[in-house]
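The values are calculated or read from the model by the stated rules, or taken from the named source; none is laboratory data. If you're wondering where the values come from, they're calculated on a predicted model, not measured in any experiment. As a convention, Cβ positions derive from the backbone with ideal geometry for all residues, glycine included, and neighbour counts pool all protein chains shown. For the accessible areas, the whole protein counts, side chains as well, though only heavy atoms, and no ligand, DNA or RNA atoms are used. Shrake-Rupley method; radii C 1.70, N 1.55, O 1.52, S 1.80 Å.
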Amino acid sequence: YRWFGIATTPVESVVTAVRAVGVPFPRIVTVLSLAALALPLLSVSALWTRHVVGEVGRYRRLRAGTAPTDLDLSRYPVRIVESDRPVAYVAPVSPLKSAIVVSYTLRDELSQDEFGAVVAHEEYHIRNHDPLWNSLGTVFGLLLGGRNTLVAAHDYPRVEREADRYAADQHGAA
């Protein structure tokens, strides 16, 4: 039981308390019970660490796989990515900063006004802190086993309509 060093004292205290109450469990059962109780906390910690490491890798891949633009369409950074499909989304480039990512295909297929409306739509998501809501949904998903409740509470269809309305106000209704 000395594998944990610091954990030895709490284990001894629990074993003593269990014996004082008069529960006739052998010491190994008490230690295994404590381990079973600690397992969810250790699992969540391991999953959270894995998630953070994955996010850092995603930030690096986003920076390496996109190019900054000199487009003056938004007060937020707009980055362009190679893609065969028209793509536009908001991506975190650091824990507290997001960028609008668009594809060359989207830029080439739309008129300047239409492209500006798409960028304005994505800008609304940044202003509305939607990347933060998505991160919270991920955390709740890890802790509680699903993120549908948080997405429903945030009313994502309403947020999309508001983003469309914001884009239409900025660039006119299409």
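Data table
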| item | result |
| --- | --- |
| Residue in the range 133-141 that is out of contact with any Asp or Glu (no Cβ under 8 Å at 6 or more places or on another chain) and loosely packed, with under 11 Cβ neighbours inside 10 Å present | no |
| Filter pass, Glu82 being closer than 30 Å to Ala167 by Cβ, of a type in the set (Asp, Glu), at pLDDT 75 or above and open to solvent by less than 70 Å² (accessible area, probe 1.4 Å) | no |
| Matching helices (runs of 4 or more DSSP H) fully within the range 128-174 where at least 2 residues are at pLDDT 75 or above | 130-144, 156-171 |
| Selection count where residues are in contact with a helix residue (DSSP H, G or I) (Cβ under 9 Å, 6 or more places away or on another chain) and open to solvent by less than 60 Å² (accessible area, probe 1.4 Å), scope the range 39-49 | 1 |
| Residue in the range 97-104 that is more than 23 Å from Asp169 (Cα to Cα) and free of Cβ contacts under 8 Å to residues at least 24 places away in the same chain present | yes |
| Residue list for the range 85-110, restricted to those being open to solvent by less than 50 Å² (accessible area, probe 1.4 Å) and either modelled with pLDDT under 85 or within 19 Å of Val56 (Cα to Cα) (or both) | Val90, Ala91, Pro92, Val93, Ser94, Ser98, Ala99, Ile100, Val101 |
| Pair list, Cβ under 7 Å, 6 or more apart: the range 50-71 residue surrounded by 10 or more Cβ atoms within 10 Å (Cβ to Cβ), other residue assigned to a helix (DSSP H, G or I) | His51/Thr138; His51/Leu142 |
